[in-house]
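Single-structure report; data block below.
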């Protein structure tokens, strides 16, 4: 069984959970919130200040006499690394404890090079970014990593990832910790994009679904404020749900009529080529749409309807209040979303869509890095993470 | 913000969380698990014993000298009421703190009589059952109620329930508490069936989907061990997802091709009537299947395939390890499940079905009452519930 932090070594970590929202508090308000004795509060605040995690805040509204000292989370107390390892591109960033990016580097990178090559690059690049900022490597609190495949959450190992040869069951945290002695959190790329989108645009929303439409199609689901991973870590894997319109279209998975075979970037480009339009990739489709090409606009809208057909089932099942559409094809603008909305609002039960927003991703291309940062920060600021920092 | 129970009035409730699994523990093992001082443990165990929630357990393996005293949850310390209010039938039971039914009564009941009539019957019948057992009304710790419609979880109010006229936004807990001064937990019937199924047959499973196939079709989803309710409390509402085969079949919701319009009990009966088979209801269909009627067996199998089509999307999205099929139509036996399996195993990605069991409900007609009991027990034995018992 797990051991409550309030009962653990320091006790400071539980107090810190009140302060991690960033709002300043006095010793008196902390005592009132927790029921702890003032002397206990004082000792624990001192410990958090010693760790640098909490700083005094100037008190604007003094009531006369000596003002009560206020304390708040100090976002610059530590840094985290956030890595977005895609199929053909990798980005790594250093952020502070609020998720603000301090430095970032991205470059083409083939995930099929295998874990040691890609993770080696990630570690080297991350350390170079930290050095470049003039920060000390000991300030690093955790690292969050997104990968383009299913991940066993408890171990951080990719499981049967179809486009990551050499990564199956590879101990990502174990390998990285040979070089960086910090907690390593690994998750599926679309899952962390959901975390990033929520952190940026919908911090108060408890039920959010993020849909990535790019070379593949997938989704990340946050329900009751928690990322849903499922029994095998593949919850949200909607790319191979069948769409009625496409019953004769073969998919690379071996089935026919999968959403991904109809509405992904390459699928839209292929459909356009069959109409005689020069489009070799999803990016070409986006460019055609931006230039106002009617065929491309119609094809993207139809892809939106196909995605909407699958999302109608998702909306019934998950009952989110926000569906955010991201990924490279979302750059085609409102045409994709319009198709999604057309079908979801027509086909869903009124109660499911009464308060449902279907929107373009606000985090856009930053969603994954921001989400990886959130994954690392959530862990670093958890009772367990704070206890670990205190014990170092 | 909520206040941790460890910081609350008694502290005993947190200790109790270790004991609620029913396994016996010594004072020493409790001290080791919590890091609390032996004197604190002793005081809190005494308080739990005073409440009757914890009892001494005879220690079989004495190591000589005075044996260490062991303690465990006492399931008979309190009772709960569990009510399953269906569209046309209601059942209420008294259970102990392990969910064992001590007394039960069911009778035809029209939910459309409205809340005061139905809840009044529920309260009267529940109290009569308690009296009949010779138990004291003060032993009642909580009441769990399942209703056939969406419920706002935080308030226990039904929200736009389509088949419950007069119940919209009715304050069920407030009304019941005028008669029974205990916590009142209300949830959707299919949600509580998922809780009941898990408690009876899959206590270790974290990701389970319960599908009810009866006059309507709905599902309850447990992910990461938690019931998923969604933003409006309607997560799992799969009855109106479109099935490709049925694009011309009108549904009572106003759309066409809904799963419920093709695969519910009345829908199967209607399809059989169109073939000239005398079947007026889902029950007639079940009887025909049990007598080996080929038309009925084929119709049920096709309904299973239609349900399987929708469940394929659900399995991709939620990634459960168990899908349990219940409701009155599940009494048609393996034919329904066979149709579901046929489609889900054909259409899903291998990783999603590698460890997926699709099974008939083990709790069957007891799922709802058992789930309502679990809803009440989970609350009664939570830190909040224990603190409330201690304060009475």
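The values are calculated or read from the model by the stated rules, or taken from the named source; none is laboratory data. Note that this is a predicted model, so its numbers are computed, not measured. Every residue, glycine as well, gets a Cβ built from its backbone with ideal geometry; the counts of neighbours run over all protein chains shown.
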Please determine whether any residue of segment A:249-259 is buried (at least 23 other Cβ atoms within 10 Å of the Cβ) and in contact (Cβ under 8 Å) with a residue 60 or more places away in the chain. no
In segment B:326-339, what count of residues is obtained for those that are in contact with a strand residue (DSSP E or B) (Cβ under 6 Å, 6 or more places away or on another chain) and surrounded by 24 or more Cβ atoms within 10 Å (Cβ to Cβ)? 3
Could you please find all residues in segment A:232-257 being more than 7 Å from chain B (Cβ to nearest Cβ) and over 26 Å from the mean Cα position of the chain (by Cα)? A:243, A:245, A:246, A:247, A:248, A:249, A:250, A:251, A:252, A:254, A:256, A:257
Would you confirm whether any residue within segment A:261-276 is within 14 Å of another protein chain (Cβ to nearest Cβ), part of a strand (DSSP E or B) and crowded, with 21+ Cβ neighbours inside 10 Å? no
State whether the residues of segment A:285-306 include one that is closer than 16 Å to residue A:214 by Cα, out of contact with any strand residue (DSSP E or B) (no Cβ under 6 Å at 6 or more places or on another chain) and within 14 Å of another protein chain (Cβ to nearest Cβ). yes
Within segment B:379-392, the residues that are surrounded by fewer than 18 Cβ atoms within 10 Å (Cβ to Cβ) and more than 12 Å from residue B:78 (Cβ to Cβ) are B:384, B:391
Of everything in segment B:30-56, what is modelled with pLDDT of 85 or more and within 11 Å of chain A (Cβ to nearest Cβ)? Give them in sequence order. none
I'm told residue A:165 meets every condition in (1) without any contact (Cβ under 8 Å) to a residue 24 or more places away in the chain; (2) over 24 Å from residue A:77 (Cβ atoms) except one. Can you identify the failing condition by its number? (1)
Being surrounded by fewer than 23 Cβ atoms within 10 Å (Cβ to Cβ), over 18 Å from the mean Cα position of the chain (by Cα) and under 18 Å from residue A:181 (Cα atoms): is that true of residue A:120 here? yes
Anything in segment B:208-231 that is within 7 Å of another protein chain (Cβ to nearest Cβ), in a loop (DSSP other than H, G, I, E, B) and buried (at least 24 other Cβ atoms within 10 Å of the Cβ)? List them, or say none. B:230
Is segment A:183-193 home to any residue that is within 15 Å of residue A:372 (Cα to Cα), at pLDDT 95 or above and out of contact with any strand residue (DSSP E or B) (no Cβ under 7 Å at 6 or more places or on another chain)? no
If we keep just the residues of segment B:1-22 that are at pLDDT 75 or above and away from every other protein chain (no Cβ under 11 Å), which is surrounded by the fewest Cβ atoms within 10 Å (Cβ to Cβ)? B:22
With respect to residue B:163, is the statement that it is within 22 Å of the chain's Cα centre (by Cα) and part of a loop (DSSP other than H, G, I, E, B) true? yes
Residues of segment B:307-317 being facing chain A (nearest Cβ under 9 Å) and without any contact (Cβ under 8 Å) to a residue 40 or more places away in the chain, which ones? B:312, B:316, B:317
Any residue at all in segment B:294-305 that's buried (at least 24 other Cβ atoms within 10 Å of the Cβ), over 28 Å from residue A:256 (Cβ atoms) and free of Cβ contacts under 8 Å to residues at least 60 places away in the same chain? yes
Evaluate segment A:186-201: report whether one residue or more is more than 19 Å from the chain's Cα centre (by Cα) and not in a helix (DSSP H, G or I). no
Looking at A:140, A:133, A:129, which is the one that is touching a helix residue (DSSP H, G or I) at 6+ places or on another chain (Cβ under 8 Å) and either more than 30 Å from residue B:350 (Cα to Cα) or within 14 Å of chain B (Cβ to nearest Cβ) (or both)? A:140
Does segment A:258-279 contain any residue that is on the phi > 0 side of the Ramachandran plot and under 31 Å from the mean Cα position of the chain (by Cα)? no
Which condition from (1) within 14 Å of chain B (Cβ to nearest Cβ); (2) farther than 20 Å from residue A:200 by Cβ; (3) surrounded by 24 or more Cβ atoms within 10 Å (Cβ to Cβ) is the one that residue A:320 breaks? (2)
Would you point out which residue out of A:90, A:128 is surrounded by 18 or more Cβ atoms within 10 Å (Cβ to Cβ) and at pLDDT 95 or above? A:90
Give, as residue ranges, the helices (runs of 4 or more DSSP H) completely inside segment A:289-392 that count at least 3 residues that are over 19 Å from the mean Cα position of the chain (by Cα). A:294-318, A:334-347, A:350-353, A:383-391
Checking residue B:99 against (1) at pLDDT below 95; (2) at negative phi: exactly one of these is not met. Which one? (2)
